[in-house]
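Have a look at the structure below, then the notes.
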Amino acid sequence: MESQATYDDVNLVLRLFELRREARMRTAREWFAKNFKAANLDEMATLCPLGSEESASARMVISYWEMVASFVTSGVLNRDLFFQSGGEMLFVWERFKHLLPETRNRYKNPTLYRNLETVANSYIQWMNRNAPEAYEALSARVRGM
């Protein structure tokens, strides 16, 4: 059963949008969208060497969406309200999800990015119920970029 979004939920969504508009975050998001296409962690290390601007951008974008997802999983942010405007998270998830098992193994942390994974999978289910072809179309676009 869906819960009713509150003014606090709306204000948090607006604040999260403002954070995405911050100059460094915009640069990171633009780089991620154009360039983050690693097939495995070795390719990611070449694409985003530790200490580089590229590494900072990748970490900034992925950790931003992990943080947002933590708000949803903890119940601080209304899930359904977020799903209506949080499509960028699925773009990031599509680019990163295949790297997650290897990342967790390398860092010996099975809970790494668990919020992002949980919310992305829930979002995909929500999309499949509400717009059955939308997720597959999004996934195909991201894979084709």
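Structure above, values below:
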{"quantity": "Residues whose placed amide H lies under 5 Å from that of Q84, excluding near-sequence neighbours", "calculated": "none"}
{"quantity": "Alpha-carbon centroids, the range 1-50 and the range 56-97: separation in whole Å", "calculated": "7 Å"}
{"quantity": "Most fluctuating residue given options A33, A23, A58, as computed from a GNM of the chain linking Cα atoms under 10 Å", "calculated": "A23"}
{"quantity": "Mean separation of Cα contacts under 8 Å (6+ apart) over length of the chain, as relative contact order %", "calculated": "26 percent"}
{"quantity": "Cut-off 17 Å (backbone N to label point 7 Å along Cα→Cβ of T46), residues of the range 80-117", "calculated": "99"}
{"quantity": "Helix-only CD estimate at 222 nm, as mean residue ellipticity for the chain, using -39500 (n - 2.57) per DSSP H run (n ≥ 4)", "calculated": "-22500 deg cm²/dmol"}
{"quantity": "Dimensionless Rg ratio for the chain, taking C-alpha atoms and the 2.2 N^0.38 Å reference", "calculated": "1.05"}
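A short reminder: the numbers here are calculations on the coordinates, not readings from a lab. Given the structure is predicted, the values throughout are model-derived calculations rather than measurements. All Cβ positions, even for glycine, are placed from backbone atoms using ideal geometry, and neighbour counts span all protein chains on display.
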